[in-house]
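Peer 1: Quick one: this structure, given as structure tokens, is what I'll be asking you about.
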Amino acid sequence: MASESSRTVSAWRPPVAGVVEVFHARFTEYAYPMHVHEAWTLLIVDTGAVRYDLDRHEHGTPHDTVSLLPPHVPHNGSPVTAEGFRKRVLYLDGTYLGDELIGAAVDRPDLRDPLLRRRVGQLHGTLVRPGEELEAESRLLFVGERLRGHLRGDPASPRPADPALARRLRELLDERVVEGVELREASALVGAHPAHLVRAFSAAYGIAPHQYLTSLRVGRARRLLLEGRTPSEVAVATGFYDQSHLTRHFRRLVGVPPGRYREGPDRS
């Protein structure tokens, strides 16, 4: 049996529709016995490799592969080498992947797709940061879309233009700067599929909806800071998760942290 020191695990459930659990782990000796999940298992391996059996067939997960294991189908898992592996996993409910795709996933669980691999990694990077739910929703939409394309035999994504739809979303974001809006709510309000909504907005304005909303919030934060409000007060007043959330985006867009920004001119 592997020692506890050979395992490093973190797991959480983010407030993002469709994500049941995020699971990051490093194992050196541990081997999973045969088991099933009720959710879809979306797996990427950052170091090492994993071998596993699914439906009595052996598979593997080198670092450039995205593995998608369907719900209710038994599988196991073990390191390929003594160095073990480090993996990141998303457990997804049926929001983006329906049961009708289980058969295709059993036949083709390992997907060699550099764009999908990059998008899954970016999604994980977003999910570790509180307050980035709109970005996570957007990224998950396109991950789900590409997964469905692979399972149906057509991974290419359409890129329709719809400036009128983009304008309606921009107006909604302008109205909801502080409280924000979830993509599913936005799609219901403007009458469009969430993926089409994000794609139309990005094509029209050259920026994703979450980036646009963050820019608006930082703009308001600048004005409030110059009025003498503290960074902690400004974070709450502009819709950021907390002060560190404000600081991260403020530094990225303005070049200095909020406290430094409101110091006034250098009179030396």
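Peer 1: Which of the trypsin sites (Lys or Arg not before Pro) found in region 1-89 are in a DSSP loop and have at most 15 neighbouring Cβ atoms, other than their own, within 10 Å?
Peer 2: R56
Peer 1: Just subtract the alpha-carbon distance of S215 and R112 from 0.36 nm times their residue separation and send over the number in nm, one decimal.
Peer 2: Gain on stretching S215 to R112: 33.6 nm.
Peer 1: Now, a different point. Whole-Hz Karplus ³J(HN,Hα) for region 13-22, in order, using 6.51 cos²θ - 1.76 cosθ + 1.60 and θ = phi - 60°, x for Gly and Pro?
Peer 2: Each residue's phi maps through the Karplus curve to give 10, x, x, 10, 4, x, 9, 7, 6, 10 Hz.
Peer 1: Out of the GluC sites (Glu not before Pro) in region 109-198, which ones are loop residues according to DSSP with at most 11 other C-beta atoms within 10 Å?
Peer 2: Here the GluC sites (Glu not before Pro) that fit, given the DSSP loop and packing criteria, are E179.
Peer 1: Please give the contour-minus-distance gain from H72 to D154: 0.36 nm per residue of separation, less the Cα-Cα distance, rounded to one decimal in nm.
Peer 2: 27.0 nm
Peer 1: Still on this structure, please answer the following. Counting only protein heavy atoms, what percent of the accessible surface of region 197-259 is carbon or sulfur at a 1.4 Å probe?
Peer 2: Numbers: 1510 of 2960 Å².
Answer for region 197-259: carbon and sulfur cover 51 percent of the accessible area.
Peer 1: Please list, ordered by chain and number, the residues whose modelled amide H lies under 5 Å from the amide H of R51; skip anything fewer than 5 residues away on the same chain.
Peer 2: Distant-sequence amide H within range of R51: S78, V80.
Peer 1: Can you work out the Karplus-derived ³J(HN,Hα) for every residue in region 70-81? Use 6.51 cos²θ - 1.76 cosθ + 1.60 with θ = phi - 60°, whole Hz, and x for glycine or proline.
Peer 2: With the stated coefficients, region 70-81 comes to x, x, 6, 10, x, 7, 10, x, 7, x, 7, 10 Hz.
Peer 1: To continue, here is another question. Please list the non-local residues whose amide H lies under 5 Å from the amide H of E21, H modeled 1.01 Å from N, same-chain partners needing a gap of 5 or more.
Peer 2: Excluding prolines and chain starts, which carry no amide H, the hits are Y91.
Peer 1: Dimensions of the chain along principal axes (Cα, Å, largest first)?
Peer 2: The Cα atoms of the chain stretch 69, 46, 27 Å along the principal axes, largest first.
Peer 1: Solvent-accessible area per residue for the chain at a 1.4 Å probe radius, Å²?
Peer 2: On a per-residue basis, 50 Å².
Peer 1: Here is a further query. So, counting K/R as plus one and D/E as minus one, what does the shell of residues with Cβ under 13 Å around E227 add up to?
Peer 2: On the way: positive: R220, R222, R223, R229, R262; negative: E233.
Around E227, the surrounding residues sum to +4.
Peer 1: In terms of the ratio Rg/(2.2 N^0.38 Å) built on C-alpha atoms, what value belongs to region 56-141?
Peer 2: 1.19
Peer 1: Whose amide H sits under 5 Å from the amide H of L111, counting only residues 5 or more places off or on another chain, with H placed in the peptide plane?
Peer 2: Answer set, sorted by chain and number: V66, S67, L68.
The values are calculated or read from the model by the stated rules, or taken from the named source; none is laboratory data. This is a predicted model, so every value here is computed, not measured. Virtual Cβ from ideal backbone geometry, glycine too; neighbours counted across all protein chains shown. These area figures cover heavy atoms from the full protein model, side chains too; ligands, DNA and RNA do not enter into them. Shrake-Rupley method; radii C 1.70, N 1.55, O 1.52, S 1.80 Å.
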